[in-house]
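FYI, it's all coordinate maths here, none of it is from the lab. Only a predicted model underlies this, so the values are computations on that prediction, with no experimental measurement involved. Note that each Cβ is placed from the backbone with ideal geometry, even for glycine, and that neighbours are counted across all protein chains shown.
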Amino acid sequence: MPFCLPTLRSLIGCIVLLAILAGFGCGQKLVFPRLEFKADESKTPSIPLTVRLDIPDALKQYQLFYKDSCGAPQGIPLGERLAEQVKADAAGVFEKTFVGGPKDPADAVLSAAIETGEINLNIPRREIGEYKMTALVRLRITVVDAEGKSLFNEAIKGEGKWTVNTDGTECTVRGLMLPVTEAMEKLSDRTIEELTQGVKIRDWAIRLRARQEMMAGGGKPGGGAPVPQAGSGDPPTMSFRASLEDENRNQVLDVGEKVVIRVEVANSGPGVARGVAVLLSGTPALVKEFTNPTLMGDVQPGEKKQVAITTTLSASLAEQQAELVIQVTEAGGFGPPTRKRFVASVKPKEGSVETVEVLSIDVDQIPPRVQGFDRRTSYAVVVGIGGYREDGAPKLKYAKRDAEVVARHLTALSGYAPENVRVLTDERALLVDLQETFEDWLPRLATSSGTVFVYLVGNAVLNPESGDMTLVPYEGRQDLTRRGYSLRRLQEVLARLPSRLNLVFADLSFPVDRAGTGPRSIPWSAGRPAGKSRTIIIGSSSLNGPSLSLDAGQHGLFTYHFLKAVRGQADTNGNGWVEMGEIAAYLREQVPKGAAELKNEQRPVVTPEVEMDSPIGTYPVSKAKRRG
């Protein structure tokens, strides 16, 4: 059976991990599909240490100060958020973390202290306009071992930049949380990166675990097979290869089947590798299925040893995206520094998947909330503006209704907590409401483990020169774009959030160009930030013109079919999940058909393009049983 080394390419939005199939040699690969962007997916710790966290009160009470547009000092209370972020970052690196006192036993102690924090913002007194702002937060992170020896001592900073705005009527500065959130996100990323790559931390973890395994195998300190110390005598030079083989070769781990982990350890150095062991970590439920650790004994210079760790997956193993990390340790601390990581779908037996019955009467009949499907770290903003303060603005009779029903479906079928869904309609959708929601509320709450969902219904204006689109708020006018909220700015806002994926559905109506001089097509991709985007926009129409209404359905045409899609009609593969790719395909098919029945034309646009089997294409938007 062929054998090769697995390769992990860890990118935001990555869905596929290539891992090796069984055997030894070179060749065939086993691809385990990964469902990325899952709301509550946990990060598997990479360093097997139990770490006590020491977070001082000074950090918990920390505030970041600035001056508002009236020149008055204001504070942003960041302490509690910083403390929680340090806890989350540490939990993403170390096998076990806890907050305790000096007498609580631990392998290491991590401390965090604020070094500096500042906001660079200069606003003339009560001046209306946009101003550049920079936020900086720097923490001092230290880690010491159980004997008090330093393993890590670094100052880590995060910086965020953004353009905030004032309206001159009050002292409030809009958009402050965006650069602060960006600074916090960069601080978090760098903290995890620096801790994970800490050489002394890894050396201590490997040596400590090797000693524990020797004790578990019957070794006694000072007698029997002694634990060698790093640097004494000729050291071994170790490497290993690993493979994962599932019995039926269907590229997923099916419960009830046999799964084998094969590991080959080689020692090419002059010294003996003592007390070699294979250590598994990752998703606890999957790790428990295997013998762990597996002892291989000593490996002589020039020797190779192989071991097969076999199990039959329990029938009680739940459906999930599971991760398995393979590490080889050596008692003297000379184990190979690399780890092998496999990510696999665990599937129950056919027929055991829970399904949800969905009413088929019509989209205003809200189905019961799906039990056990929660996106606690995901947030949604639904905007529906159909009535306007200005008499000249065209009315959209179903816009408010669209927003309210979409929001109720998100909490029923898409796992969003009601408190995580903000609905802005008509007089509650002023420009200041849009700014506060997108530039303060979302940045305060969005996390790297969740997603952001935005649904827009209303009138919009297209700038023929820049291609930018502007949503008209309740008090706005189509001939006065400065009173609107730009979709370009919305994309910039979303790009700065730490969320793993942002979905924007825009059912927008554009004024009729009676002179026929304006652009015919709508450039939905205009304003997309450079680089790999985590934001997908689904526009209701490719053509400039009014949005179509479906009077029979009492909704906008696009929104009506969106609701049908998330209720289950788009579930073409019948797996009980309505995925992003399925919704895009469903809207592209059904909206033009509905428009043709109205003797009109309307074709949705998806940008960037979403492939059905891509990471974003397989993202589950809702859970619903498909109706025939």
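For segment 268-300 versus segment 384-402, the spacing of their alpha-carbon centroids is 65 Å.
Taking 1 over the mean of 1/r across every pair of different Cα atoms in segment 47-197, what Kirkwood radius in Å do you get? Show your work: numbers first, answer last.
On the way: mean 1/r = 0.0602 Å⁻¹.
One decimal place: 16.6 Å for the Kirkwood radius.
Size estimate for segment 379-623 follows the Kirkwood approach: the inverse of mean 1/r over distinct Cα pairs works out to 17.9 Å. Within a straight-line Cα-Cα reach of under 15 Å, K397 can be paired with the following aspartates and glutamates, leaving aside sequence neighbours fewer than 8 residues apart in one chain: D426, E427, D507, D551. Centre-to-centre, using Cα atoms only, segment 87-136 and segment 312-329 are separated by 34 Å. Counting beta carbons within 10 Å around each of F562, F510, F98 and listing the fewest first gives the order F98, F510, F562.
Among all the aspartates and glutamates, which ones have a C-alpha under 15 Å from K623's C-alpha, if same-chain residues fewer than 8 places away are not counted? K623 reaches E319, E354, E357, D374, D571, E579, E582. One Cα centroid belongs to segment 417-432, the other to segment 589-626; the line between them spans 25 Å.
Using Cβ counts within 10 Å as a stand-in for footprinting exposure, how do T294, T116, T181 rank, fewest first?
So the ranking, lowest neighbour count to highest, is T116, T294, T181.
Residues K623, K161, arranged from fewest to most other Cβ atoms within 10 angstrom of their Cβ, appear as K161, K623.
Pairs of Lys residues in segment 47-197 that lie 8 or more places apart, or on two chains, and have C-alpha atoms under 18 angstrom apart add up to 11. For a paramagnetic label modelled on I128 (point 7 Å from Cα along Cα→Cβ), amide N atoms under 20 Å away belong, within segment 448-481, to 470-481.
Across segment 379-623, Cα pairs under 8 Å and at least six residues apart give a relative contact order of 18 percent.
Protection proxy ranking for 431-442, 366-377, using the average of other Cβ atoms within 10 Å per residue and placing the highest first: 431-442, 366-377. Peptides 384-396, 400-412, ordered by how many other C-beta atoms sit within 10 Å of their residues on average, highest first, read 400-412, 384-396.
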